[in-house]
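S.K.: Let me give you the structure first, and then I'll get to my questions.
The values are calculated or read from the model by the stated rules, or taken from the named source; none is laboratory data. Please read all numbers here as calculations on a predicted model, not as lab measurements. Because the Cβ atoms are built from the backbone with ideal geometry, glycine has one as well, and the counts that use them run over all protein chains shown.
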Amino acid sequence: MSQHTKLKRVLGFPSSYGAAVGLVVSGTAMFSVGNVGAISGNATFISAAIALIPMMATAFAFGELTAMIPGGGMISDYTAPALGRFWATFALLSGYVVLIAADGGTQLVMGGLAMEQMVGVPQLAVSLVLLLIIILVNVTGVEFYGRSEATVTIIMMVVFFILAIMGTAGVGETLGVATVVPENAGLLPEGGWNTVFGAVGTAIWFFIGFEFACPMAEENKKPYKNIPYGLIFGLITIYIVDIIFVAGAVKYTDLGLMASSSVPHVDAATATLGFWGGIVMGGLTIAASFTTGNAYISALPRMLYGMARESLVPAIFARIHPKYRVPMYGIAFTVFLILITTVYISLNGGTSELILIFINTACITWLIAYIIAMVDVLVLRKKYPDFPRLWKTPAAWITLPIGILGALYAIYTLSYVFLYALIMMVIVAIYAVVWNVMHKLPINNIVPLEALVMDIRDRSEYLAVWDEAVEKWLESRK
């Protein structure tokens, strides 16, 4: 396998948008929508709006960072020249490897549970078949992945939006298959504003994962334009659709049922639109498991690929398959993580409590990575003010500190699983230290931005506008 084989630039805005919403329109995201709806009731739009603030600030940060450093390593590429090798390794492994270890299997379990509820096929069997299909899609190459992700995601968004509109508009009530629950009326839930604010951490999961478009920068025709706008429009789309869906769900669904269910969004669709509403939502959940698995198994191997190029993880992750031109060893590693979690959750019943523990633990470590990304932007602006930025965070010194505070508040609301997240982060920190010591590297060596962008230019196909701008910048540094 040749290490000089380059990833192909074949993707455009639809693939960026699809990847951005492909993960947040997922089984666990829709689970969170139903769960937060059960907790916050009609005030869910407030919990979600508060959660959207740090997410939008993070989208701005990732947009600027991708425009500056369009490499497959994503958060590790961004952090290495800003905060150093230790934090680059920590940010990616704690934010994304832990994520996939905690949430990857949960997504497939959600799809399996939906299928089991619909037709009675055992959940584990369905989950494993979905995983096999996702592997085949990714091994055939990113171009097919990009087309399938964008197409399936857009269909999912349209179907979910139609379900949300029909449910909220009372179509089910008109057809005689839905009954209003009077006890759910009123803005505030039981517990008042404290309950609404306390649900912010779980509401983060509506949006989290939108940045999975960034690792595909080396395969995007205009990553400095397509990716930032894909992230922003993806977040806005998700907020609108989720809030409309919750409005109908709260009106017609028993909140106790939603709070305890492993598939609360399916139960809500059944309550608002009857049997066929539940069937459609079940099918949507299965499709969401597919797109999420695609996002994981496509994005993480490319992050590891970028890290391996910087000697942050074993060099084997930098190998590209000569025929399919995909990072095959990274795909195998990601599949292994997802398989372990799928089997564990399945054997332990796939309860709502277990699902919440897994996704909220991942949420904390993920939010830490988001905070690091926002800090990266501020540090790089100080260190390299003249570097060409083809897309910039608006009012960065205001929006990003607000985003950091919002992320910290969200972590505070998830404090009941903080110990699990802390254990994961300590393991990652130990790895980062041991890896650097074993390879006789400074534990927190700062990677010069010049070296990083030169490596990206060398390993990726020509990128118009960015290549010329960076070349001029490099000349000015001599």
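S.K.: With Ile427, Ile443, Ile456 as the choices, which residue is under 23 Å from Tyr384 (Cα atoms), among the β-branched types (Val, Ile, Thr) and assigned to a helix (DSSP H, G or I)? Show your work before the answer.
M.R.: Working: Ile427 fails: under 23 Å from Tyr384 (Cα atoms); Ile443 fails: assigned to a helix (DSSP H, G or I).
None of the others qualify; the one that does is Ile456.
S.K.: Mind counting the residues in the stretch 459-478 that are crowded, with 16+ Cβ neighbours inside 10 Å and not in a helix (DSSP H, G or I)?
M.R.: 2
S.K.: Return the only residue of Ala101, Ala91, Ala114 being buried (at least 24 other Cβ atoms within 10 Å of the Cβ), part of a helix (DSSP H, G or I) and at pLDDT below 90. It would help to see each step written out before you state the result.
M.R.: Details: Ala101 fails: buried (at least 24 other Cβ atoms within 10 Å of the Cβ); Ala114 fails: at pLDDT below 90.
So the residue among Ala101, Ala91, Ala114 that is buried (at least 24 other Cβ atoms within 10 Å of the Cβ), part of a helix (DSSP H, G or I) and at pLDDT below 90 is Ala91.
S.K.: Of (1) without any contact (Cβ under 8 Å) to a residue 12 or more places away in the chain; (2) under 30 Å from Leu449 (Cα atoms); (3) not β-branched (Val, Ile, Thr), Pro122 satisfies all except one. Which?
M.R.: (2)
S.K.: Oh, and also: What pairs come up if the first residue lies in the stretch 1-18 and is among the aliphatic types (A, V, I, L, M), the second is in a loop (DSSP other than H, G, I, E, B) and at pLDDT 80 or above, and their beta carbons are under 6 Å apart, counting only those six or more places apart or on different chains?
M.R.: Final answer for the pair search is Met1/Arg319.
S.K.: Would the stretch 316-331 turn up any residue that is within 19 Å of the chain's Cα centre (by Cα), farther than 18 Å from Phe90 by Cα and at pLDDT 90 or above? Let's see the steps before the verdict.
M.R.: Kept after step one, since they are within 19 Å of the chain's Cα centre (by Cα), are these residues of the stretch 316-331: 330-331.
Next, only the ones that are farther than 18 Å from Phe90 by Cα stay: 331.
Imposing the further condition that a residue be at pLDDT 90 or above reduces the set to 331.
Yes, the stretch 316-331 contains at least one residue that is within 19 Å of the chain's Cα centre (by Cα), farther than 18 Å from Phe90 by Cα and at pLDDT 90 or above.
S.K.: Okay, next question. Does Met281 fit the bill of being touching a His at 6+ places or on another chain (Cβ under 7 Å) and either surrounded by 20 or more Cβ atoms within 10 Å (Cβ to Cβ) or of a type in the set (Lys, Arg) (or both)?
M.R.: Details: touching a His at 6+ places or on another chain (Cβ under 7 Å): yes; either surrounded by 20 or more Cβ atoms within 10 Å (Cβ to Cβ) or of a type in the set (Lys, Arg) (or both): yes.
Spelling it out, Met281 is indeed touching a His at 6+ places or on another chain (Cβ under 7 Å) and either surrounded by 20 or more Cβ atoms within 10 Å (Cβ to Cβ) or of a type in the set (Lys, Arg) (or both).
S.K.: Could you list, ordered by first residue, the pairs with Cβ atoms under 7 Å in which the first is in the stretch 451-471 and more than 13 Å from Glu219 (Cα to Cα) and of a type outside the set (A, V, I, L, M) and the second is at pLDDT below 90 and surrounded by 15 or more Cβ atoms within 10 Å (Cβ to Cβ), at least 6 apart or interchain?
M.R.: Asp455/Arg309; Asp467/Arg457
S.K.: Check the stretch 57-68 and report whether any residue there is surrounded by fewer than 24 Cβ atoms within 10 Å (Cβ to Cβ), within 30 Å of Ala249 (Cα to Cα), in contact with a Ser or Thr (Cβ under 9 Å, 6 or more places away or on another chain) and not aromatic (Phe, Trp, Tyr).
M.R.: No; the residues of the stretch 57-68 include none that is surrounded by fewer than 24 Cβ atoms within 10 Å (Cβ to Cβ), within 30 Å of Ala249 (Cα to Cα), in contact with a Ser or Thr (Cβ under 9 Å, 6 or more places away or on another chain) and not aromatic (Phe, Trp, Tyr).
S.K.: Kindly indicate whether Gly277 is within 21 Å of the chain's Cα centre (by Cα) and either on the phi > 0 side of the Ramachandran plot or modelled with pLDDT of 80 or more (or both). Before you say what the answer is, go through the steps one by one.
M.R.: Working: within 21 Å of the chain's Cα centre (by Cα): no; either on the phi > 0 side of the Ramachandran plot or modelled with pLDDT of 80 or more (or both): yes.
Spelling it out, it is not the case that Gly277 is within 21 Å of the chain's Cα centre (by Cα) and either on the phi > 0 side of the Ramachandran plot or modelled with pLDDT of 80 or more (or both).
S.K.: Name the pairs whose Cβ atoms lie under 6 Å apart, with the first residue in the stretch 355-381 and among the charged types (D, E, K, R), the second in a helix (DSSP H, G or I) and buried (at least 23 other Cβ atoms within 10 Å of the Cβ), and 6 or more positions between them or separate chains?
M.R.: Going by the 6 Å Cβ cut-off, the qualifying pairs are Asp376/Tyr78; Asp376/Thr79.
S.K.: Look at the stretch 380-408 and say how many of its residues are surrounded by fewer than 17 Cβ atoms within 10 Å (Cβ to Cβ) and in a helix (DSSP H, G or I). Spell out how you get there, then give the answer.
M.R.: We begin by selecting, within the stretch 380-408, every residue surrounded by fewer than 17 Cβ atoms within 10 Å (Cβ to Cβ); these are 382-383, 385-386, 392, 394-395, 397-398, 401-402, 405, 408.
Among the residues that remain, those that are also in a helix (DSSP H, G or I) are: 382-383, 397-398, 401-402, 405, 408.
Of the residues in that region, 8 qualify.
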